[in-house]
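I have placed the structure first, in the form of structure tokens, so that the comments after it can refer back to it.
Values quoted throughout were computed directly from the atomic coordinates according to the rules given, and no laboratory measurement underlies them. All of these numbers come straight from a predicted model, not from anything done at the bench. Cβ: placed from backbone, ideal geometry, glycine included. Neighbour counts: every protein chain shown.
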Amino acid sequence: MPPLGMFDPVGGFSPDLPVLLMFDEFIIDAQAVTAMESCRDKPWLGQWPEVIAYLKAEGCLHVVDIAAVVRGAGHLRSTLTQRDMRDPARWAAAMDFHDSLLNAAEAAFADSPETSQPLNWAFDPKKVSSVAGRDKHTHSLRVLLTSEPFDEIHAELVPEALQHLKMQLAEVNAGVAASMQLGAAPMFWAPYGGYLRQKSSISPAIREGVEQSSAARVFFEVAFRRFRPETVADLSRLRKDQRLSSLRAEIERAYRSGDLLEKGYPQAILQEVLRTERIVGRIRRITSWLSAPVGLIPGAGLLATAGGELAASIAESKIRGRLDWLYMISDGVGNS
């Protein structure tokens with residue numbers, strides 16, 4: 001980390017707070033911390049200085065010299081890159097994704113943050129890279145990597161496309177090798193997302209990181225956008241809640257089962273909440289009705305009320321247990 005997040009000239013970069021809910025501890029490059037702390041008063045950094053300060057205070061942020069780790073993992077990095085280059089076509093889509101996002105960033109970011117344009121790191125097929133040939137036409141790098149040379153100019157441009165890909169793979173594998181050395185899930189800058197998804201089979205840590213990050217984004221951006229953590233205070237409240245493990249389990253379950261991508265998923269959950277609340281309401285009414293006559297007996301009213309409340313609370317807790325994660329993210333009001 002940090003994976004920067006979306007950019008707006010007014011609010012700066014928006015940290016991907018949902019992803020920060022999915023992991024207990026984080027590793028950050030020492031150079032990144034120094035850069036952020038030296039620019040803490042710059043509005044274009046958004047909430048990042050506050051996020052870093054919070055994670056440090058919580059004791060879950062470890063500052064590491066990533067450059068040194070990458071140097072120590074040089075052989076692994078080189079091995080990974082050589083292996084990847086045996087099948088260049090496999091990486092063509094990831095390369096397009098990288099180039100599209102990077103070209104969009106180059107177009108959005110001006111000489112100053114104030115004059116820059118908003119950026120949401122969305123893939124745009126019109127912004128993929130190409131190279132000019134001596135025929136004065138542009139040629140798609142993806143086509144150069146995925147098709148057999150069909151003329152002399154095409155053959156001349158293939159080495160340039162391969163070099164372009166190799167540079168990106170070397171960058172990706174530097175981070176992957178460092179993550180493997182540190183035993184951590186990689187949390188990369190958005191343009192490298194396509195490569196990471198392709199590489200998720202390399203190690204359990206990479207696969208877990210990709211899946212958990214993707215699941216959290218879909219959960220809070222698509223299914224339950226209303227409950228998305230927006231501030232460091234929201235992040236702190238959720239990370240300190242004992243029900244966080246239930247939230248993580250539901251996010252992972254819904255993502256792996258495909259429920260998150262179903263339009264009816266949030267509606268089904270909210271309908272379940274309504275049914276649960278109706279049951280809880282009936283229990284409260286019955287408990288109150290049963291304890292009322294006992295309350296007429298001198299000296300027994302307080303005990304009856306306390307006993308009724310305890311019984312109702314135990315029943316409510318058991319019934320709501322399946323949905324405790326929703327009550328958590330909605331700040332206690334599951335059907336709000």
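Close amide-amide hydrogen proximity is noted between residue 5 and 190, each under 5 Å apart and 5 or more residues distant or on a separate chain (H modeled in the peptide plane; Pro and chain starts excluded).
Assign one of three labels to the stretch 6-243, namely rounded, prolate or oblate, based on the Cα gyration tensor with a ≥ b ≥ c the square roots of its eigenvalues; rounded applies when a/c is under 1.5, prolate when it is not and a/b is larger than b/c, and oblate otherwise. Here the stretch 6-243 falls in the prolate category.
Remind me, what semi-axes does the stretch 80-216 give for its equivalent ellipsoid, largest first in whole Å, using sqrt of 5 times each Cα gyration tensor eigenvalue? Result for the stretch 80-216: semi-axes of 27, 22, 12 Å. Considering every alpha-carbon pair of the stretch 86-159, the percent of pairs per 5 Å bin, from zero through the bin containing the longest distance, is 3, 15, 21, 19, 16, 11, 8, 5, 2, 0. Ordering 126, 199 by the number of other Cβ atoms within 10 Å of each residue's own Cβ, fewest first, gives 126, 199. Using θ = phi - 60° in the Karplus curve 6.51 cos²θ - 1.76 cosθ + 1.60, the 3J(HN,Hα) couplings for the stretch 15-32 round to x, 7, 4, x, 5, 5, 7, 8, 10, 7, 10, 9, 10, 9, 5, 4, 5, 5 Hz; x is entered for Gly and Pro.
Listed by chain and number, the aspartates and glutamates placed with their C-alpha closer than 15 angstrom to that of residue 136 are 151, 152, 156; residues fewer than eight positions away on the same chain are left out.
For a quick check: sort 115, 146 by the number of other beta carbons within 10 angstrom, fewest at the front.
Placing the least packed residue first, the sequence is 115, 146.
Per residue, the convex hull spanned by the Cα atoms of the stretch 148-197 measures out at 87 cubic angstrom.
By the count of neighbouring beta-carbon atoms within 10 Å, fewest first, 98, 75, 62 end up ordered 75, 62, 98. Using θ = phi - 60° in the Karplus curve 6.51 cos²θ - 1.76 cosθ + 1.60, the 3J(HN,Hα) couplings for the stretch 187-203 round to 10, 9, 4, 3, x, 8, x, x, 5, 5, 4, 5, 8, 5, 8, 5, 8 Hz; x is entered for Gly and Pro.
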